[in-house]
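*Asks:* Below you will find the structure I want to go over with you.
The values are calculated or read from the model by the stated rules, or taken from the named source; none is laboratory data. These numbers come from a predicted model, not from an experiment. No Cβ is skipped: glycine too gets one built from the backbone with ideal geometry, and neighbour counts run over all protein chains shown. To get the accessible areas, we keep the full protein, side chains included, count just its heavy atoms, and leave off ligands, DNA and RNA. Shrake-Rupley method; radii C 1.70, N 1.55, O 1.52, S 1.80 Å.
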Amino acid sequence: MGRVTATERRAVLLAGAGLALAAGCATRNAVAHPVPASSRAPAPPALPAQLTHGPRDRPRVALTFHGGGDPATARALLTEAEKHGARVTVLAVGTWLDAHPDLARRIRDGGHDLGNHTLRHLDINAMSETEARAEIAGCAERLKRLTGSVGNWFRPSRSPTASPLVTRLAQEAGYPHVLSYDVDSLDFTSPGAAAVARKVLAEIREGSVVSLHFGYDDTVAALPVVLEELDRRGLAAVTTTELFS
């Protein structure tokens, strides 16, 4: 049997996901007049403390990654995203940053968002106030030391949403919003690359925030399929900061 090319492998994944490969002014001398207050566009509403998705009226989505696991998969996923002009958001576990401090700079140098996913990735909502504060602050300290910033985003560990206590502690640590998601890829269950791509592409739409993970080969294999289909649909994969800007 002849050697299978990367294009042929992607075609197989697309087929498994139920998809098909797609073929590949201003006026001079105008005088500005003030706009009456009554006709000005209203200011955008303040964002809630917990965010599950961005605006539904713009063709943007955010692919967010749990920052943990094998660093080789992290590098492969970042490289694949950049090949497609995509930018992602990585919510890093503090102990993972301890083990792989170079990845903090790799993520930031690639134009991606880097945020806080607690120090040890334990069930933060079940912790006491003292324990939960230490989990958030411990990861924030590592981010600050490695990048000069605690990052813009916090995601609780072992839960898609944060308790009121954890939300307050995150805000005190410098994170105005808890970042959840409206599309769960379930890639951590290792269902196969086609299943990961199929689930994401069946549920994603304008404004979606997708939960994905470093450390899984299924995710590495599925990402090119997902990005190619997003391109076909005219959806740009941007950082979470860009999504909510």
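*Asks:* Let me confirm something: among Ala86, Ala41, Ala46, which residue is over 17 Å from the mean Cα position of the chain (by Cα) and at pLDDT 50 or above?
*Replies:* Checking each option against the conditions leaves just Ala46.
*Asks:* Still on this structure: Would the stretch 119-128 turn up any residue that is closer than 22 Å to Leu169 by Cα and in contact with a Phe, Trp or Tyr (Cβ under 7 Å, 6 or more places away or on another chain)?
*Replies:* The answer is no, given that none of the residues of the stretch 119-128 is closer than 22 Å to Leu169 by Cα and in contact with a Phe, Trp or Tyr (Cβ under 7 Å, 6 or more places away or on another chain).
*Asks:* Counting only residues that are open to solvent by 20 Å² or more (accessible area, probe 1.4 Å) and of a type in the set (Gly, Ala, Ser), which one in the stretch 131-144 is farthest from Ser180 (Cα to Cα)?
*Replies:* Ala134
*Asks:* Go over the candidates Thr130, Thr95, Thr64 one by one and state the one that is at pLDDT 95 or above, of a type in the set (S, T, N, Q) and not in a helix (DSSP H, G or I).
*Replies:* Result of the check over Thr130, Thr95, Thr64: Thr64.
Residues checked against (1) in contact with a helix residue (DSSP H, G or I) (Cβ under 6 Å, 6 or more places away or on another chain); (2) surrounded by fewer than 22 Cβ atoms within 10 Å (Cβ to Cβ); (3) farther than 23 Å from His84 by Cβ:
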position: Leu146; (1), (2), (3): yes, yes, yes
position: His177; (1), (2), (3): no, yes, yes
position: Ala202; (1), (2), (3): no, yes, no
position: Glu229; (1), (2), (3): yes, yes, no
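*Asks:* What pairs come out if I take residues in the stretch 89-114 that are open to solvent by 20 Å² or more (accessible area, probe 1.4 Å) and pair them with residues that are of a type in the set (Val, Ile, Thr) and in a helix (DSSP H, G or I) whose C-beta lies under 7 Å away, six or more apart or interchain?
*Replies:* Between residues of the stretch 89-114 that are open to solvent by 20 Å² or more (accessible area, probe 1.4 Å) and residues that are of a type in the set (Val, Ile, Thr) and in a helix (DSSP H, G or I), the close pairs are Arg108/Thr147; Asp113/Thr240; Asp113/Thr241.
*Asks:* Restricting to the stretch 156-175, give me the number of residues that are among the acidic types (Asp, Glu) and crowded, with 20+ Cβ neighbours inside 10 Å.
*Replies:* So the count comes out to 0.
*Asks:* Here is a further query. Would you say Leu122 is of a type in the set (A, V, I, L, M, F, W, C), more than 18 Å from the chain's Cα centre (by Cα) and surrounded by fewer than 16 Cβ atoms within 10 Å (Cβ to Cβ)?
*Replies:* Here the answer is yes, as Leu122 does meet what is asked.
*Asks:* Please enumerate the residues belonging to the stretch 179-194 that are surrounded by 19 or more Cβ atoms within 10 Å (Cβ to Cβ) and over 29 Å from Ala49 (Cβ atoms).
*Replies:* Scanning the stretch 179-194 gives Ala193, Ala194.
*Asks:* Now a separate question. What number of residues within the stretch 204-216 satisfy the criterion of being within 15 Å of His66 (Cβ to Cβ) and either among the hydrophobic types (A, V, I, L, M, F, W, C) or open to solvent by 40 Å² or more (accessible area, probe 1.4 Å) (or both)?
*Replies:* Selection size over the stretch 204-216: 5.
*Asks:* Then there's this: Taking into account only those residues within the stretch 143-171 that are of a type in the set (Val, Ile, Thr) and assigned to a helix (DSSP H, G or I), which is farthest from Thr239 (Cα to Cα)?
*Replies:* Filtering first and then ranking leaves Val166.
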